[in-house]
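Just so it is clear, none of the values below were taken in a lab; they were calculated from the coordinates. In this text, all values refer to a predicted model and were calculated from it rather than measured experimentally. FYI the Cβ positions are ideal-geometry reconstructions off the backbone, even for glycines, and counts take in every protein chain you see.
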Amino acid sequence: MADFSMALNEDQESLQTWVHDFAENVIRPAAHEWDEREETPWPIIREAAKIGLYSFDFIANAYADKTGLTMALVNEEMAWGDAGIALAIFGSTLAVAGIFANGTPEQIGEWIPQCFGSADDPRLAAFAVTEPDAGSDVSALRTRAVYDEATDTWTLNGTKTWITNGGIADIHVVVAAVDPALGSRGQASFVIPPNTPGLRQGQKFKKMGIRASHTAEVILEDVKIPGRMLLGGKEKLDERLARAREGRRSSTQAAMATFEASRPMVGAQALGIARAAYEYALEYAKERKQFGKAIIENQGIAFKLADMAMRVEASRLLVWHAAWMAASGTKFTKGEGSMSKAFAGETAVWVTEQAIQIMGGYGYVREYPVERWHRDSKIYTIFEGTSEIQRLVIARAISGMRIQ
């Protein structure tokens, strides 16, 4: 187990500089255009793949860091550039986390590289859990997977919604109910390979923020896949279902195992947005003059920026600590992963709003980036568990009681 430290090593510092340069020189100049177009920024994804930033090797090496800080700082720097483009580039990692959390070593080796493709031919992946009637309540999934033992085939039917890369991804990881009577304990994860008949994109959503990231429905109509596409294998699933039917608790759930591993990284993205807005507002306040002096010389502005700086730094402490805990196998005893995501997400909303207030009318127009950062920030209090769900997780953890 690696000791927790806030000091980055030489490799991490070099990586941070490399990713920051890409965010500053490639992502930021293109951010406004792709926000306006509301399309997947394939040229930037290809550029990221070309330099090795979007690749299986990069992600594997980053997640191999026992301190947990590498992916946290990468997500922060990318979202500092632009959260929508960052999600377009790294949205595939949620499916990767789903495969890694639930798959066998053979499945991990086979499918995770295919989530990225190659430098010359990058691919995308999607993780599909949420449904029209099952958002925060993942136990209510209606998408059904039925097994045919004679042909060793699973058939999936249902509709997923709010799916990053949904329908345009090459690899879809889908969570479905195999025994609906068991709720979340009766669910399993499946890999849907490219060009599988019956899987198609439904409605593409026009969003308030992160508009360069593709979000859509995924429709599954009699999608037939071989038995080997069940993550973890049939034997493991049968054992888990048997325990659930006997009333014994299962140590993992297909969807929640993925979310628990990813929440600090989502918090890191929110942190990147907050830091971008804080830095921009600080420079503006030092340059903007009213009544013969820079506006930062007024306590009303200076104290606002001081509060912004405190919340950004506090968010990083929570995110890095939770990321270290996840990477080192340290058990979350107080909902630390949820703490990092909830606090950083709400910080991003608050800091970007303060940045708009400091800039006045300039902060409200699309010519300047702070209004986009504010729009982007709001999703971080909603997706991968709303702030209310994060508080529920934390409250249950600290009390040991089944709070509803």
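On a 0 to 90° scale, report how tilted helix 387-399 is relative to the longest principal axis of the chain, with both axes built from alpha carbons and the result rounded to the nearest 10.
Compared with the principal axis, the helix lies near 70 degrees.
What's the local net charge at Met208, with K and R +1, D and E -1, over the other residues with C-beta under 12 Å away? Don't jump to the answer; show the numbers that get you there.
Details: positive: Lys206, Lys207, Arg211, Arg372, Arg375, Lys378; negative: Asp35, Glu38, Glu371, Asp376.
The answer is +2.
Treating the Cα atoms of the chain as identical point scatterers in vacuum, please give the log10 of the normalised Debye intensity I(q)/I(0) at q = 0.07, 0.10, 0.14 Å⁻¹, two decimals.
Evaluating at q = 0.07, 0.10, 0.14 Å⁻¹ gives log10 I(q)/I(0) of -0.33, -0.66, -1.27.
Quickly work out the Leu8-to-Asn195 label distance, labels modelled 7 Å from Cα along the C-beta direction, and quote it in nm with one decimal.
Each label point is offset 7 Å from its Cα along the Cβ direction, giving 4.2 nm.
Can you pull the one-decimal nm distance between simple spin-label points at Glu24 and Asp152, each 7 Å off the Cα toward Cβ?
Inter-label distance under the simple model: 5.5 nm.
Going down the list Lys66/Lys331; Lys66/Lys378; Lys160/Lys224; Lys160/Lys204; Lys286/Lys341, which pairs span over 20 Å between their C-alpha atoms?
Lys66/Lys378; Lys286/Lys341
With label points built 7 Å along Cα→Cβ from the Cα atoms of Val365 and Glu38, find their separation and express it in nm.
Between Val365 and Glu38, the label points sit 2.3 nm apart.
For Ile51, Ile85, which order do you get if you count the other beta carbons within 10 Å of each Cβ and list the fewest first?
Working: Ile51 13, Ile85 28.
By the 10 Å Cβ count, ascending, the order reads Ile51, Ile85.
Please give the length that would be gained between Lys234 and Ala64 if that part of the chain were fully extended, namely 0.36 nm times their separation in residues minus their C-alpha to C-alpha distance (nm, one decimal).
Gain on stretching Lys234 to Ala64: 58.4 nm.
Tell me the net charge near Ala64. Cut-off is 14 Å between Cβ atoms, Ala64 excluded, with +1 for each Lys or Arg and -1 for each Asp or Glu.
-2
Provide Tyr380, Tyr364, Tyr54 in ascending order of the number of other Cβ atoms located within 10 Å of each residue's Cβ, fewest first.
The most exposed by this proxy come first: Tyr364, Tyr54, Tyr380.
Using a Förster radius of 41 Å, what is the FRET efficiency between Gln203 and Ser399 based on their Cβ-Cβ separation? Nearest 0.05, please.
0.55
In a Gaussian network model over the chain where Cα atoms closer than 10 Å are linked, find which of Arg391, Arg245, Arg46 has the largest mean-square fluctuation.
For the chain, modelled as a Gaussian network with Cα springs under 10 Å, the answer is Arg245.
Using the count of nearby Cβ atoms within 10 Å as a rough guide to exposure, how do Trp154, Trp373 rank from fewest to most?
With the sparsest Cβ surroundings first, the list reads Trp154, Trp373.
Using a 10 angstrom Cβ neighbour count of at most 10 plus a DSSP loop assignment to flag exposed GluC sites (Glu not before Pro), which longest range of the chain is free of such sites? Please report the intermediate quantities before stating the final value.
Working: sites that count: Glu149, Glu246, Glu367.
Counting only loop sites that pass the neighbour cut-off, the longest clear stretch is 1-148.
First select every other residue whose beta carbon is under 14 angstrom from the beta carbon of Tyr278; then total the charges, Lys and Arg +1, Asp and Glu -1. List each step's numbers first, then the result.
Numbers: positive: Arg275, Lys286, Lys304, Arg311, Arg316; negative: Glu76, Glu279, Glu283, Asp307, Glu313, Glu353.
Its environment carries a net charge of -1.
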